[in-house]
Amino acid sequence: MAESIVKAVELEAPVSRVWRALADSTEFGRWFGVKLDGPFKPGCVSTGMMTYPGYEHYPWRAVVERMDHEKLLSFRWHDFDENSGVDVSDQPMTLVEFRLETLTHGTRLTITESGFDAIPYPRRLEVLRGNAEGWDFQANNIASHLASSS
């Protein structure tokens with residue numbers, strides 16, 4: 001089984017607009033379904049709470065790795081296993097990368113999540129499956145967000 005998820009989506013918006021939807025933590029929260037406590041800053045922890053219906057009790061905790069203007073936003077986030085009894089900050093992390101590429105009529109956004117080998121079996125398979133579905137959903141969310149806010 002693959003140990004990473006790759007999802008590419010072509011968006012009808014310029015790179016600068018897609019970048020803002022990713023890098024501005026308030027705007028990111030609107031389409032992603034999370035209320036963040038502050039802006040994204042490389043090397044800093046990003047915290048908040050999910051706002052997606054049914055997941056409002058899920059904490060958000062990520063470490064922002066890189067913010068290469070209009071090219072790459074990456075963070076490591078914690079897999080939240082609510083049944084483990086372990087604090088989210090002590091749970092395994094995966095790496096999420098949002099890469100932007102200029103197209104003639106918009107932007108290609110490639111979302112990659114890797115590092116699932118940090119999550120023990122059998123949970124790893126569940127997380128891989130769930131996150132693959134989640135990134136399909138989030139790719140649609142950002143596309144809809146950009147279409148409605150352009």
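The values are calculated or read from the model by the stated rules, or taken from the named source; none is laboratory data. Owing to the predicted nature of the structure, the values given are computational and were not obtained by experimental measurement. So basically every Cβ, Gly included, is an ideal-geometry build from the backbone, and we count neighbours across all protein chains shown. Each accessible area value is taken on the protein alone, full model and side chains, heavy atoms only, with ligands, DNA and RNA left out. Shrake-Rupley method; radii C 1.70, N 1.55, O 1.52, S 1.80 Å.
In segment 1-81, a dipole from Cβ-located charges (positive for Lys and Arg, negative for Asp and Glu) runs towards its positive end, and of His78, Met49, Gly38 it is Gly38 whose Cα lies farthest in that direction. For the chain, the alpha-carbon radius of gyration amounts to 1.01 times the rule-of-thumb value 2.2 N^0.38 Å expected for a compact globular protein.
Multiplying the residue separation of Ser4 and Glu133 by 0.36 nm and removing their Cα-Cα distance gives an extension gain of 45.2 nm. Of the trypsin sites (Lys or Arg not before Pro) found in segment 71-120, those in coil by DSSP whose Cβ has at most 14 other Cβ atoms within 10 Å are Lys71.
Taking amide H atoms as placed 1.01 Å from N in the peptide plane, the amide H of Val34 lies under 5 Å from those of Thr51, each 5 or more residues away in sequence or on another chain. Apply the Debye scattering formula to segment 69-150, with a single equal point scatterer on each alpha-carbon and no solvent, then give log10 I(q)/I(0) at q = 0.11, 0.21, 0.25, 0.26 Å⁻¹. Listed by q, the Debye log ratios stand at -0.38, -1.04, -1.27, -1.32. Taking 0.36 nm per residue of separation and subtracting the current Cα-Cα distance, fully stretching the chain between Met49 and Ala118 would add 22.5 nm. The dipole here belongs to the chain: it is taken about the Cα centre, uses +1 on the Cβ of Lys and Arg and -1 on the Cβ of Asp and Glu, and is about 340 debye.
Counting only C-alpha contacts under 8 Å and six or more residues apart, can you give the relative contact order of the chain as a whole percent? Reported relative contact order: 28 percent. Rounded to the nearest 10 degrees, the inclination of helix 123-149 to the longest alpha-carbon principal axis of the chain is 30 degrees.
With the charge dipole of the chain set up from +1 on Lys and Arg Cβ and -1 on Asp and Glu Cβ about the Cα centre, the Cα lying farthest toward the positive end among the listed residues Gln138, Leu103, Val6 is that of Leu103. Per residue, the solvent-accessible area of the chain (1.4 Å probe, heavy atoms of protein chains only, all protein chains present) comes to 53 Å². With θ taken as phi - 60° and the Karplus curve 6.51 cos²θ - 1.76 cosθ + 1.60 applied, the whole-hertz 3J(HN,Hα) list for segment 49-60 is 9, 5, 10, 5, x, x, 10, 4, 8, 7, x, 9 Hz, x standing for glycine and proline.
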